[in-house]
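Only one structure is covered here, and it is reproduced in the block below.
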Amino acid sequence: MKTILISPYSRKMRNGKENPKNYSYWKELLKQMDGYKIIQIGVNGEEQIVDDCRFNLLLKEIKQLLKDCDLFISVDNFLPHLAHTIGKSGIVLWGKSDPKIFGYPENLNLLKDRKYLRQFQFDIWEKEEFDENVFVKPDIIIKKVDKFKNV
């Protein structure tokens, strides 16, 4: 069985609002991922959306999970940056951040439309409102997972 490591959330916002980088459709996506072993990583306080959920891991533990998995799927957070340092490619879900600035070419960077990118890419995230409409739908991701070179 192929293993997919997911990192569904970005850091909690200081103002208590939903982080605009968080993908809205994880539950719908996971329902379509039969036949894969899914491991979620994150921090305490995040919603657990799969049975195998590992919170507050050490950096070396996350690196090992990345090395061992067949694929990672993540929002725009630390995981794609860490994966880049060890040469692991995956699928990154983008909404308002520009993957041409913050992404890596070895990843499959899924952006719904550049019209949703925020005007000031280096501004603080607390100024942005959450909008689920900026992300690709789960069916698009599923098609990409099935064709990804590692899976």
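The values are calculated or read from the model by the stated rules, or taken from the named source; none is laboratory data. Since this is a predicted model, take the numbers as computed values, not measurements. For neighbour counting, all protein chains shown are included, and Cβ atoms are generated from backbone atoms with ideal geometry for every residue, glycine included.
Couple of notes before you dig in:
- Within region 56-77, residues that are more than 19 Å from Tyr36 (Cβ to Cβ) reach partners that are among the basic types (Lys, Arg) with beta carbons closer than 8 Å, at six or more positions or on different chains, in the pairs Glu61/Arg54; Asp76/Lys21; Asn77/Arg11; Asn77/Lys21.
- With respect to the conditions (1) within 23 Å of Tyr104 (Cα to Cα); (2) surrounded by 13 or more Cβ atoms within 10 Å (Cβ to Cβ); (3) in contact (Cβ under 8 Å) with a residue 60 or more places away in the chain, Met33 falls short on a single one, namely (1).
- Some residue of region 22-44 being at pLDDT 95 or above, of a type in the set (Val, Ile, Thr) and in a loop (DSSP other than H, G, I, E, B): yes
- Checking Pro99, Pro138 one by one, the residue that is closer than 18 Å to Asn77 by Cα, within 14 Å of the chain's Cα centre (by Cα) and modelled with pLDDT of 95 or more is Pro99 and no other.
- When residues in region 91-117 are screened for being in a loop (DSSP other than H, G, I, E, B) and touching a residue at least 40 places away in the same chain (Cβ under 8 Å), 3 of them pass.
- Scanning region 121-138 for residues that are assigned to a loop (DSSP other than H, G, I, E, B), without any contact (Cβ under 8 Å) to a residue 40 or more places away in the chain and β-branched (Val, Ile, Thr) turns up at least one hit.
- Filter result (within 17 Å of Glu132 (Cα to Cα) and aromatic (Phe, Trp, Tyr)) within region 1-57: Tyr9, Tyr23, Tyr25, Trp26
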